[in-house]
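In what follows, a single structure is set out as structure tokens and then discussed.
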Amino acid sequence: MDSLTLICTAALLAAGGLYWFVCFFGSAEVKGKRAVQLTGGSIDKENVQDNYKQYWSFFRRPKEIETADKVPVFVDTFYNLVTDIYEWGWGQSFHFSPSLPGKSHREATRIHEEMAVDLLGVKPGARILDAGCGVGGPMRAIAAHSKANVVGITINEYQVKRARMHNKKAGLDSLCEVVCGNFLQMPFADNSFDGVYSIEATCHAPNLEEVYREIYRVLKPGSLYISYEWVTTELYKAEDLEHVEIIHGIERGDALPGLRTYKDIAQVAKKVGFEVVKEKDLAKPPSHPWWTRLKMGRIAYWRNHILVTILAFLGIAPKGTVDVHEMLFVTADYLAQGGEKGIFSPMHMILCRKPAAE
């Protein structure tokens, strides 16, 4: 074989390998997104990097992410930047779940979601609300499991489009409805839902009382609300600089106005009128560590980071995607540290009832 033939053969093999690597590597769980389809959500491709810088600028003005009027922009910008990467690298359910022996991550996620609606005790045909639905992974699992009609609300228009597309593709669009809106000011009538759940979503609210009060308003008397909350645990020490850095790292990388302590959750629920039926940190033993999936994903991260870098260089992925991907990797490390040290939980569960008679 002469040199030219050898070079051409090597080039073809390299090109074929790159095509396979780029086009066929999707999420390890659900291939809802391909690497070549990465976008900035509703942000124009040429503006992704500027919006990434805008996201970080909020942390130079921390008071702006403590007010209800600024948070929608803050959170919307974040989810425009990360939604495609989340779908590609994690799946359609943007949350954690306890690791279950003998179960895949996808199965553990589904079981975690189904438990939420089982605790609500709703019947087929009931109308329930997903407060902070993302692209609708939990919504579809819950609708399929319970046969309830699920209405999801998300602040991000791009996520609404993705959720509707997934709902139709799954054949669940008759059970699943998605609305674009702010869960601090929901476009729903009083006493209009038979149950409400939020899975790792209300952490984005600047004031937990405001979102709980709004959920209380739309929930029918006698019905239940369940939430999986992000909290600092009893092991967190505010005077420990390492603890503080870990928690701040989680907040910066996940668009959080500020993590609450585990003590806040039930207090706020009671303050707005709820009766607390059950409260439990689902991350604690005998549950298996939820953060193992993050640690196991390190090799996948480097593989994906190389791919994202190549796509950005070629102009296929928006400029700024590499920065967003790196931010999420750094955040994953903070999350894993928080889990290992026991100072952070993403699944502090609270089950509440709106009194039957007010």
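Brief remarks follow.
- For a label point 7 Å along the Cα-to-beta-carbon line of Leu100, residues of segment 110-142 with backbone N under 11 Å: 110-116
- With at most 16 neighbouring Cβ atoms within 10 Å, loop trypsin sites (Lys or Arg not before Pro) (DSSP) excluded, longest segment of the chain: 238-358
- Short-range pairs are left out: with C-alpha atoms under 8 Å and at least six residues apart, the relative contact order of segment 229-276 is 38 percent.
- Helix 105-120 axis, angle to the chain major axis (alpha carbon atoms, nearest 10°): 20
- Here the spin labels are modelled as points 7 Å beyond Cα on the Cα-Cβ line, and at Arg127 and His288 they lie 4.1 nm apart.
- Shape call, segment 101-216: gyration tensor on alpha carbons, a/c limit 1.5: rounded
- Dipole of the chain computed with +1 at Lys/Arg Cβ and -1 at Asp/Glu Cβ about the Cα centre; of Ser146, Gln267, Pro318, farthest Cα towards the positive end is Ser146.
- Solvent-accessible area of the chain (1.4 angstrom probe, protein heavy atoms only): carbon and sulfur portion equals 57 percent.
- Around Gly249: net Lys/Arg minus Asp/Glu count, Cβ-Cβ under 11 Å: -4
- Between Ile155, Ile250, Ile310, the Gaussian network model of the chain with springs among Cα atoms under 10 angstrom shows the greatest mean-square fluctuation at Ile310.
- Angle between the chain longest axis and helix 3-24 axis [Cα atoms, degrees, rounded to 10]: 10
- Rounded tilt (10° steps) of 298-314 against the dominant C-alpha axis of the chain: 60
- Length available on full extension from His248 to Asn191: 0.36 nm per residue minus the Cα-Cα distance, which gives 16.8 nm.
- Inter-label distance for Glu239 and Ser174, nm, one decimal - labels placed 7 Å from Cα along Cα-to-Cβ: 6.2
- Based on C-alpha pairs under 8 angstrom that are at least 6 apart in sequence, segment 54-198 has a relative contact order of 22 percent.
- Shape call, segment 256-325: gyration tensor on alpha carbons, a/c limit 1.5: oblate
- Loop-located GluC sites (Glu not before Pro) across segment 174-278 with a Cβ neighbour count of 15 or fewer within 10 Å are Glu234, Glu239, with loop assigned by DSSP.
The values are calculated or read from the model by the stated rules, or taken from the named source; none is laboratory data. This one's a predicted model, so the numbers in the text were calculated from it and none came from an experiment. Note that we place each Cβ from the backbone using ideal geometry, even for glycine, and neighbour counts take in every protein chain shown. Surface accessibility is based on the protein's heavy atoms, side chains included, excluding ligands, DNA and RNA. Shrake-Rupley method; radii C 1.70, N 1.55, O 1.52, S 1.80 Å.
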